[in-house]
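Below is one structure, written out as structure tokens; comments come after it.
Just so it is clear, none of the values below were taken in a lab; they were calculated from the coordinates. Just so you know, these numbers come straight off a predicted model, no measurement behind them. No Cβ is skipped: glycine too gets one built from the backbone with ideal geometry, and neighbour counts run over all protein chains shown.
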Amino acid sequence: MGLKDVLSKMKLVEVEGRPVGTPVSPGAPARPSGAGAGAAPPAAPAARPLDVRELIGSLPAPQIDERALPHLGGHGGGDALELPDFEAVYRAAGIAVPPHGYTAYKVLEILSSEGFAGLEPKARAAALAGFLKMNPSGPVPIGDVIQDAVRRDQALDKFEELLRGKLAAREREADAENAALQAEIDQLAQKNRERMEANKKALGAERERFVQWQTRKRIEERRLFDAVGPFVEQNPVSTTSTGAAAGTAGPPPGGTANDR
């Protein structure tokens with residue numbers, strides 16, 4: 001029986017060119033006509049309302065088998081965390097297609113089909129329930145579909161929790177490694193600062209010795225200047241700092257040029 005045949009039987013689509021607005025259960029007795037038309041049909045026993053909380057409460061707690069997700073990534077080593085697709089998560093949670101084949105996705109596909117898409121929400125729900133009851137391989141309880149959807153949702157939540165744990169572990173590892181690296185940086189910086197300070201002190205000592213040598217050099221040059229002075233008009237001995245022209249500074253302080 002096709003989808004349109006089912007909907008026609010349930011009076012949810014036009015039958016012989018006449019639309020019927022109120023869905024009825026498949027196989028319900030026709031309303032009598034003629035003299036007995038005004039008589040009320042026998043009341044059917046009220047169906048027990050679907051208790052969604054009871055359906056959910058009967059489900060086992062979701063578990064994720066990480067061994068079924070080999071590419072989830074390990075700790076350390078810099079491996080990127082590869083996230084599997086949703087189907088892989090469902091498999092790792094042990095969620096399989098039920099024997100009757102009607103998963104939440106299958107039902108969603110039916111609801112999106114041409115025959116169902118144009119119906120009002122209540123009519124669409126009634127049509128789907130009737131369609132599942134007429135399944136050739138046996139009636140499909142709508143509770144199975146709800147449980148399938150909830151199990152998949154819970155598996156995704158559990159996997160998200162797992163990812164959060166792995167991310168937190170990686171964050172702790174990164175913080176520990178960064179702290180160790182910072183300690184190395186601080187240690188090296190302190191060592192370099194001490195070395196820089198030692199270099200400054202050594203350079204200061206070298207400058208002091210150089211200044212002392214310059215003082216002795218000027219005294220020595222003056223002696224040489226005085227030794228040559230009596231014999232020349234222009235003394236060739238320099239008494240200026242290095243880089244100045246020899247003999248251009250004149251006699252040292254306190255001295256005079258000697259003429260012949």
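The value for the range 54-128 of Rg(Cα) / (2.2 N^0.38 Å) is 1.61. Compared with the alpha-carbon gap, the fully stretched path from Glu66 to Arg223 is longer by 47.1 nm at 0.36 nm per residue. Using the Cβ-Cβ distance between Val150 and Ala183 with R0 set to 45 Å, the FRET efficiency from 1/(1 + (r/R0)^6) comes to roughly 0.35.
Extending 7 Å from Cα along the Cβ direction at Arg195 and again at Ala176 yields two label points whose distance is 3.1 nm.
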